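Below is one structure; the comments refer to it alone.
Please treat every number below as a calculation from the coordinates, not as lab data. Values in this document were obtained by computation on a predicted structure and should not be read as measured data. Quick reminder, even Gly has a Cβ in these numbers, built from the backbone with ideal geometry, and neighbours come from all protein chains shown.
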Amino acid sequence: MNSNLNEDDILILLNDVNIEENEFSNVELNEIEKKKICKNIISKVKPKKSKSKRSFIAAAVILLISIPILISQKNVLANIIEKLTVISGIGEVKVSSDKPKILKNSIKQDNITLANMYVDNSKIIVTLTIEPEELKSSYYTIKDDHDNSYELHRSDNLALLPDNNIGSYRAEYYGKVKKANSYTLSIVDNDKKFTKATFKLKNSDFKEAPEAKILYTATNGITTLNVTSLKREGNILKVDYYFTDTLPDFKFKRIDKVNYRTFEESREWRFKEPIDTKLINNNSIEDSYIIISDEYNNAVCGHSNTNYLDQENESLFDLSKLTGKKLKLTVPNVIYHVQNNPMDKNNDFKLKLDLPKSGKSILNKTGEYKGIKYKIISIERLSDNSIELIYDYDNSNAKLETWDIFFYGINMGENSSNIIRAYNNNIKHTLKLDNVIGDKLLLNDIMISFSSVGPFEIDLDPSTIK
């Protein structure tokens, strides 16, 4: 029997198997338990499958539960059956296959609006707005009708301009979530002296979350723009989307938002539309935005919803500003900011440099962090506790262009300082430490900004706009 199954083979084979969630646990499995699980899963294969097919499924299951990885067997299967999608008022979510649910409508109580709530067997996500914004985070707790309790962790204010007196928040719980018929969300103030709001939610307040689907994609081979929904209300077109990529697993990764404020804020800033596409096509690779243009080179920018709750995955466009009929959605570049975790005992970045007792040393030392290449050109001692680095980055990959790198060391002291500036097409970085620097310099923190270069373009079919 050929056991060289790739990921697609395994996904196709396991698609024929109905696996109950409670068949797995988070505890490690011994060999006897693994065989028992294999037997239990294989017995669920539809009878019409041939013996040969059943053998392939057995190989797939054995492979899945035998690979020595750092996550549980349950999580391996969970990752296979989860799909990314965008849910209005929530944003990007990994939707499970157990028919997750969301609120039918937002609910307002005094100065707090519960915008949406997502529930499946592994997470609860709540989004809400509070007027005025919270200066100190409240406590968010959900209890179900079986007296199970879940503590949610609240995000910082998602609003771009906090002085608009609105706090937009996302509160999340990740872990085992038991099935229930009703939920009570309690919001208690930071001092635990009083309850700000209590939302009692019944099954009838929820509906099944939409299926994960993709209408359009555009890719450069590294980053992919996935459009999941196009909805028009009057002149306003709402586009839902998310980005995926094949980049390495960075400890920290953030993608720049592509919207240009809300419609109201844009008017306050005297931003006028439409824009001539010729004026924006030559923008820097450090710029990130999303536009819809027509055949007459008119373009309108994507704007955020006034509640800011899913600004990373939702853009609003005013189509009344366009005169043409052929519409094109464009994201010129996708901007990434990545970093290692210098506090982790398994920190995957360390750069050791020899420091001269005085003057400058020419190093021309090349290095690489997860495919991103750099070159330390020179190091100079300015004083007992200050040095100057000159370095550059390698942009030989036309699809990924680095435009900023920052090195640091966590042992440099609380009062250390950094000054970075351009210097002869390179980067000059001056570091001043709290203590005297010896003959060695250890840099164990790296922050990088780069662009995944497009354009990511999609011709919009009017029949997909509802």
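For the cross-link pairs LYS101/LYS272; LYS99/LYS370; LYS123/LYS251, which exceed 31 Å when the distance is taken from alpha carbon to alpha carbon?
Table pairs above 31 Å Cα-Cα are LYS101/LYS272; LYS99/LYS370.
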**Kirkwood Rh (inverse of mean 1/r, distinct Cα pairs), the range 324-425, angstrom** = 16.6
**Request:** Sort largest first and round to whole Å: the equivalent ellipsoid semi-axes of the range 203-333, each the square root of five times a Cα gyration tensor eigenvalue.
**Result:** 24, 21, 16
**Request:** Convert each backbone phi in the range 453-466 into a coupling constant with the Karplus relation 6.51 cos²θ - 1.76 cosθ + 1.60 (shift: θ = phi - 60°), then list the ³J(HN,Hα) values in order as whole Hz, x for Gly and Pro.
**Result:** 7, x, x, 9, 10, 9, 7, 7, 7, x, 5, 8, 9, 10
**Message:** For a Förster distance of 60 Å, can you work out the FRET efficiency between the beta-carbons of ILE410 and ASN165, rounded to the nearest 0.05?
**Reply:** 0.95
**Complete:** For the range 295-383 (alpha-carbon point model, no solvent) the Debye-based log₁₀ I(q)/I(0) at q = 0.13, 0.14, 0.20, 0.26 Å⁻¹ works out to -0.74, -0.77, -1.08, -1.28
**Prompt:** Ranked highest first by the average count of other Cβ atoms within 10 Å around their residues, in what order do 357-363, 195-201 fall?
**Reply:** 195-201, 357-363
**Message:** Under 17 Å from a point placed 7 Å out from the Cα of LYS352 along the Cα-to-Cβ direction: which residues of the range 376-420 have their backbone N that close?
**Reply:** 409-411
**Message:** If I stretch the segment between ILE420 and GLN109 completely, what's the gain in nm (0.36 nm per residue apart, minus their alpha carbon distance), one decimal?
**Reply:** 107.1 nm
**Message:** Show me the ranking of peptides 149-155, 325-331, 268-274 by mean Cβ neighbours inside 10 Å, starting with the highest.
**Reply:** 325-331, 149-155, 268-274
**Asked** How long is the gain from ASP191 to ASN283 if the chain were fully straight, where each residue apart is worth 0.36 nm and the alpha carbon distance is subtracted?
**Response** 28.3 nm
**Prompt:** By how many nm would the segment from ILE214 to LYS83 grow when fully extended, if each residue of separation counts as 0.36 nm and the alpha-carbon distance is taken off?
**Reply:** 46.1 nm
**Asked** Cα centroid distance between the range 240-291 and the range 115-147, in Å?
**Response** 29
